[in-house]
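Take a look at this one; I'll ask things after.
The values are calculated or read from the model by the stated rules, or taken from the named source; none is laboratory data. Quick caveat: nothing in here was measured; it's all calculated off a predicted structure. Cβ coordinates were reconstructed from backbone atoms using ideal geometry, including for glycine residues, and neighbour counts include every protein chain displayed. Calculation scope for accessible area: heavy atoms of the full protein, side chains included, ligands and nucleic acids excluded. Shrake-Rupley method; radii C 1.70, N 1.55, O 1.52, S 1.80 Å.
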Amino acid sequence: MSKFITFEGVDGAGKSTHLVWFADTLRQRGLDVVVTREPGGTQLGEQLRVILLSQPMCIGTEAMLMFAARLEHIEQVIKPALRAGKWVISDRFSDASFAYQGGGRGLDWDKLNQLEQWVHPDLQPDLTLFFDVPVEVARQRLAHNVSLDRFEQEQADFFERVRAGYHKRIRQNPQHYAVIDGAQPLEKVKQQLESIIASL
Ligand code: TMP
């Protein structure tokens, strides 16, 4: 049976590294896995990603472009793969819009609810893995990057609001999330991921 799983966390939480390992482990078990990301995942979505990560814009535009890229992603990639019985693992989905545009930028939560209702009224991830790390740990990890995008360049208080945005979203629907302490040693995170895979 197909499943839709999303990975979330503040920039520097380590989710993308863990996603690769998670997908490989599922494939070793014989599952057909599609790995994708947001913003992105389609030709148009990847073009929007370049703009979103580099071009300053007002908050509403940012939110609508995130959801525009998402609609293409859902229609072209996510739904067809799920219909074909595949597992879809997406590096970010709508929780990121609530956390970054809602929490980080301060966009009205209700506007985001409306966009979510419009773009995917009948689709939600089966499970969301949220990699939680203290903001200062995430910032130290980002400090090793040679170039930082428009979001990564934000200050610590922005990421504190993003993290709080994720926690708010989790409180609204806790059974939907697995919260993973991303500051743990890699081996401990892998053990936790293995037990999540076993439960799926
Ligand atoms: P990534 O670095 O995890 O690939 O994500 C790209 C950036 O886009 C990241 O800083 C978070 C941001 N983002 C939003 O602000 N809103 C969204 O809805 C999504 C999907 C990503």
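What is the mean projected area of the alpha carbon convex hull for the stretch 56-185, to one decimal in square nanometres?
9.0 nm²
Lys and Arg at +1, Asp and Glu at -1: add these up for the other residues within a Cβ distance under 10 Å of Arg169 and post the number.
With Lys, Arg at +1 and Asp, Glu at -1, the neighbours total 0.
If you wrap a convex hull around the alpha carbons of the stretch 1-130, what volume per residue comes out, as a whole number of Å³?
102 Å³
Could you work out the relative contact order of the chain? I mean the mean sequence separation of Cα pairs under 8 Å and 6+ apart, divided by the number of residues, in percent.
33 percent
Treating the beta-carbon of each Lys and Arg as +1 and of each Asp and Glu as -1, no other charges, what is the dipole magnitude of the chain about its Cα centre, to the nearest 20 debye?
300 debye
Here's another thing I want to ask about it. Can you count the Lys pairs in the chain with C-alpha separation below 24 Å, eight or more apart or on different chains?
Going through the chain pair by pair, I get 11.
At 1.4 Å probe size, with every protein chain present, just tell me what the per residue accessible area of the stretch 2-123 comes to in Å².
Averaged over the residues of the stretch 2-123, the accessible area is 42 Å².
Pull out a ≥ b ≥ c, the square roots of the eigenvalues of the alpha-carbon gyration tensor of the stretch 141-194, then state rounded if a/c is under 1.5, prolate if not and a/b is larger than b/c, and oblate in the remaining case.
Oblate, because a/c is 1.5 or more while a/b does not exceed b/c.
Something else about it: Per residue, how much accessible area does the stretch 143-200 have with a 1.4 Å probe, in Å²?
Normalised by residue count, the accessible surface of the stretch 143-200 is 62 Å².
What percent antiparallel are the DSSP beta bridges of the chain, to the nearest 5?
Rounded to the nearest five, the antiparallel share is 0 percent.
Can you tell me the relative contact order of the stretch 100-188? Whole percent, Cα pairs under 8 Å, sequence separation 6 or more.
Answer for the stretch 100-188 is 49 percent.
At a 1.4 Å probe, what is the % contribution of carbon and sulfur to the accessible area of the stretch 94-200?
49 percent
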